[in-house]
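Visitor: I have a structure here, written as structure tokens, and I will follow up with some questions on it.
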Amino acid sequence: MSTQTSLSNLRQPPLKYHQPTSLPPPIPTSSQSAQNIYGINELTNPKTMSPFLLPLLFFITFIVSNPPPCSAQLSAFSITDSPWTPAQQNKTLLSPNSVFAAGFLSLPTSPNLFNFSVWYRNISIRDSVVWSANKTPVGLTARLVVTAAGVLRLSNSSAGENVNLWPGLHSQNPNSTKLVLRDDGNLIFGKWESFGFPTDTILPNQSMSLSGTNITLFSKNGKFSFVDAIKLVFNQTDVYQTMDNAFQMLDSTGKLQQENGVSFIASDFGLNRSRRLTIDDDGNLRIYSFDQSPREWTVVWQAEYELCRVHGMCGPNAICVSDGSSSSSCVCPPGFKESYGGIKDRGCERKIELTNLANTKFLRLDYVNFTGGSNQTNWLATNFSVCESRCLAKNNCLGFMFKYDGKGYCVLQLDRLLYGYWSPDSETAMFLRVDNSETDRTNFTGMTELLETTCPVQISLPLPPQESNATTRNIVIICTLFAAELISGVLFFWAFIKKYIKYRDMARTLGLEFLPAGGPKRFSYAELKAATKDFSNLIGRGGFGDVYRGELSDQRVVAVKCLKHVAGGDAEFWAEVTIIARMHHLNLVRLWGFCAEKGQRILVYEYVPNGSLDKYLFQPGRVVSSEPEEETSVLVDNGEKPILDWGIRYRIALGVARAIAYLHEECLEWVLHCDIKPENILLGDDFCPKISDFGLAKLKKKEDMVTISRMQGTRGYMAPEWVKMDPITPKADVYSFGMVLLELVSGVRNNEIQGSRIESEDWYFPRWAFDKVFKEMKVEDILDRQIKHSYDSRLHFDTVNRMVKTAMWCLQDRPELRPSMGKVAKMLEGTVDITEPKKPTIFFLTDD
């Protein structure tokens, strides 16, 4: 019987049997048998019976003697209800609030094998099982009983077995002890409870420690475990991630509490949803939240965003490559081929074995790490040659990892190559040891190589005859040679241009215009002109150029930005775009391609449908009811755009801070945005913030960034060092983010003068906000009037207080007083304490 069938039986009312309205037949006498009375004698007579009546008779007899079972929903299971068998799949134990259910469930792949489990009742069972009693599945003959000694016993046979599959039980009072399911999903039998023996899932408000000892979760496939509520482990030995603090409890609002008072916040924090913390079969620890609208579990937090960092994703010698989303693939490095059993199972094997270790070389693999060698000790090497010589001196050294940061990072890969992965945020390069005869070239490169072709022409002038020194003859010879060289140069150049055009057209025909290592696609100007309908659908203007909406031939909707005033040739532009395209972050707009021809410089981005943040914050003429409403993700009125509530604004601020911190601190190349403002913060379908125009500042000079028109376009967001012509550092982006953060709280532009007696030329928005919050103690005066009525000091004070204090630190006049963007993100997360900020000032205004 399938699981869906058992659920449908639970929802059907019990079958009812009615007495027949006609009188029963008379009781047979001694001379009259019952067979004759009911006519069975004639029916079963082989001489008179039809060949089709015998199967029908057996079917009717089976139905009468075996009526269909009635569904049963128990509030408790006791000794009087024993035994409970898997054949009774329609029997379930319900929690008082009917949220959870417990009973026998068949395995998806084996309908005749069962687990006694607990699940969310009104959600698809296969996606909502939160606990199972037995690790070893049981058959149809299994029994769950309360014995006369008061022991809850699960055996795999109707005759009973010596092994009790129920975890960790002790004797109870058989007459008073019952198996019950509480509202929080905890299965209770006397002093025993299922929360003390978790499987792969932790429920809200379930403690992750038992008698002072942290518990351990195991994935369903048994490969991964979450040990002591702090370490993710593969095969019970290999630790691939350790949390900063041990986990303690997941509450119903989506807050994951840790030791030392820190916590993680789910992306849907505050919403009333069913939740669970589960270690999945891919080794990642995730918080799931059940969304009633599409009726599916959604991931609202996960421990590891790069799946390839999880051990065991690929086999030995293989390299795990992720596309930045939830999928990954395994590839073999150069000099290796796929072994028998597949890359994920058996991994890769060498094409040429290392028989003569003195005859080897190294292939460089950029951004590749192997973390499963027998010795992962960091040797301090003064330079690259020292690290290489150490590997060559060891017969079991299969390669080494090296960082070009001047700190002497050198790790030798000894005996084996395990858990290899490629990551764009890694600063290491792997040097793989192969035989000298290996012809494979590296397929992991960190920079674009340009092919340069030169055709040298060597011509020597003949010596003039010794007997002749005529000037005319010398001039004729020199002019002839010069003309010959000029003609040959023109012919060579014409032949080169002809072949270049031929190979360029061939590359475009075969789709070879993609850059190596997964770079952006190079579009032609004609393609983008057709996609945007001759650049007719303008959706935005900015300091870097105009943006048009377009649709590619594969039906992808894109945003096409035509850049203005960009200097440099195709090679420089190509290199910079390649760097921008390799910046992958959840809160950065994805770059898909570019165009560099006919003097045009065009970038092709993903299309973000909800537009920029300023359309939601600064809407003139909004009229919103002053009466309080229920807290929702988005407060909507009769205007064209919805109003963002405090939770959404906090998520936008945190996402933008993490993205800027990624650009400043996690990219291989230092990236400044230089134009942080609400117009450059786009909102996706779920109001997830995405920063645009990052990396474009390198295409312009500083003098072009600080023109008169430029300052009018973003006045209020530029740090003081722009105007003073001081050196520009990442702290300039910190200042701009602080101004945006203050606008998120107030809902007004920083140049809109609020109620104040200060003259307009002396008005400074951060100083006014500081006085309201820290001097007058009137935080309500700076809140956005559109959602001020929904502000609850008990719910929102901590969030708003952190946003305002963080903004004040970001808006300090001196760059060295501002925190880094990494620390800003932690200040917003609440993982670091925020001291009382100083009053923001600006160099041309005096403080009162």
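The values are calculated or read from the model by the stated rules, or taken from the named source; none is laboratory data. Small disclaimer: the values here were computed from a predicted structure and weren't measured. A quick note on method: Cβ atoms are made from the backbone with ideal geometry, for glycine too, and the neighbour counts reach across all protein chains shown.
Visitor: Please go through region 226-240 and pick out each residue that is farther than 13 Å from I202 by Cα and either basic (K, R) or buried (at least 18 other Cβ atoms within 10 Å of the Cβ) (or both).
Guide: Listed by number, the residues that qualify are I230, K231, L232, V233, F234, Y240.
Yes/no matrix, rows are residues, columns are (1) under 25 Å from the mean Cα position of the chain (by Cα); (2) of a type outside the set (A, V, I, L, M, F, W, C); (3) farther than 16 Å from V547 by Cα:
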{"residue": "L588", "(1), (2), (3)": "yes, no, yes"}
{"residue": "W592", "(1), (2), (3)": "yes, no, no"}
{"residue": "C595", "(1), (2), (3)": "no, no, no"}
{"residue": "R601", "(1), (2), (3)": "no, yes, no"}
{"residue": "N610", "(1), (2), (3)": "yes, yes, no"}
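Visitor: Would you be able to say whether some residue in region 227-235 is out of contact with any helix residue (DSSP H, G or I) (no Cβ under 9 Å at 6 or more places or on another chain), acidic (D, E) and either modelled with pLDDT under 90 or not in a loop (DSSP other than H, G, I, E, B) (or both)?
Guide: Yes, the conditions are met somewhere in region 227-235.
Visitor: May I ask you to list the residues in region 562-605 that are over 24 Å from E665 (Cα atoms), in a strand (DSSP E or B) and of a type outside the set (G, A, S)?
Guide: Matches in region 562-605: C562, L563, F594, C595, E597, Q600, R601, I602, L603, V604.
Visitor: For region 253-271, what are the residues that are of a type in the set (D, E, K, R) and either under 17 Å from R649 (Cβ atoms) or buried (at least 19 other Cβ atoms within 10 Å of the Cβ) (or both)?
Guide: Correct list: D268 only.
Let's see how each residue does on (1) surrounded by fewer than 16 Cβ atoms within 10 Å (Cβ to Cβ); (2) at pLDDT below 90; (3) not in a loop (DSSP other than H, G, I, E, B):
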site	(1), (2), (3)
G738	no, no, yes
L742	no, no, yes
N751	yes, yes, no
Q754	yes, yes, no
I758	yes, yes, no
P766	no, no, yes
K772	no, yes, yes
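Visitor: While we're looking at this one, here's another question. Working only within region 84-105, note down all residues that are closer than 17 Å to W166 by Cα and small (G, A, S).
Guide: A102, G103
Visitor: From the list Q236, Q258, which residue is in contact with an Asp or Glu (Cβ under 8 Å, 6 or more places away or on another chain) and either of a type in the set (D, E) or not assigned by TED's automatic domain parsing to the domain that holds M827 (or both)?
Guide: Just a single option satisfies the conditions, and that option is Q258.
Visitor: Which members of region 134-150 meet the condition of being within 29 Å of Q206 (Cβ to Cβ), touching a Phe, Trp or Tyr at 6+ places or on another chain (Cβ under 8 Å) and free of Cβ contacts under 8 Å to residues at least 60 places away in the same chain?
Guide: Residues satisfying the conditions are N134, P137, V138, A142.
Visitor: Could you please give the count of residues in region 286-310 that are within 17 Å of D244 (Cα to Cα) and without any contact (Cβ under 8 Å) to a residue 60 or more places away in the chain?
Guide: 3
Visitor: Name the residues in region 201-251 that are closer than 21 Å to V130 by Cβ and of a type in the set (S, T, Y), would you?
Guide: Hits for region 201-251 are T201, S207, S209, T216, S219, S225.
Visitor: Mind counting the residues in region 272-312 that are part of a strand (DSSP E or B) and touching a Ser or Thr at 6+ places or on another chain (Cβ under 9 Å)?
Guide: Residues flagged as part of a strand (DSSP E or B) and touching a Ser or Thr at 6+ places or on another chain (Cβ under 9 Å) within region 272-312 amount to 18.
Visitor: Can you name the residue in region 659-715 that is closer than 16 Å to A732 by Cα and among the aromatic types (F, W, Y) and is also modelled with the lowest pLDDT among such residues?
Guide: Among residues in region 659-715 that are closer than 16 Å to A732 by Cα and among the aromatic types (F, W, Y), the one modelled with the lowest pLDDT is W670.
Visitor: Return the only residue of A517, A507 being modelled with pLDDT under 85 and touching a Ser or Thr at 6+ places or on another chain (Cβ under 8 Å).
Guide: Going through A517, A507 in turn, just one is modelled with pLDDT under 85 and touching a Ser or Thr at 6+ places or on another chain (Cβ under 8 Å): A517.
Visitor: Got a number for residues in region 399-422 being touching a residue at least 40 places away in the same chain (Cβ under 8 Å) and crowded, with 17+ Cβ neighbours inside 10 Å?
Guide: So the count comes out to 8.
Visitor: Separate question: In region 87-112, what residues are surrounded by 16 or more Cβ atoms within 10 Å (Cβ to Cβ), part of a loop (DSSP other than H, G, I, E, B) and touching a residue at least 24 places away in the same chain (Cβ under 8 Å)?
Guide: Q89, N90, S95, V99
Visitor: Also, quick follow-up: Which pairs have Cβ atoms under 6 Å, sit 6 or more apart or on different chains, and link a residue in region 649-663 that is farther than 19 Å from D268 by Cα to one that is among the basic types (K, R) and buried (at least 24 other Cβ atoms within 10 Å of the Cβ)?
Guide: Listed by first residue and then by second, the contacts come to nothing, as the list is empty.
To keep it simple, each residue is scored yes or no on (1) part of a loop (DSSP other than H, G, I, E, B); (2) in contact with a strand residue (DSSP E or B) (Cβ under 8 Å, 6 or more places away or on another chain).
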| site | (1), (2) |
| --- | --- |
| R153 | no, yes |
| N164 | yes, yes |
| G168 | yes, yes |
| Q172 | yes, yes |
| T177 | yes, yes |
| P204 | yes, yes |
| N221 | yes, no |
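Visitor: Cβ-Cβ below 8 Å, separation at least six or inter-chain, first residue in region 818-837 and assigned by TED's automatic domain parsing to the domain that holds H796 and more than 24 Å from L256 (Cβ to Cβ), second of a type in the set (S, T, Y) and in a helix (DSSP H, G or I): which pairs?
Guide: Cβ pairs passing all conditions: R818/Y735.
Visitor: Within the bounds of region 350-357, is there any residue that is β-branched (V, I, T) and at pLDDT below 90?
Guide: yes
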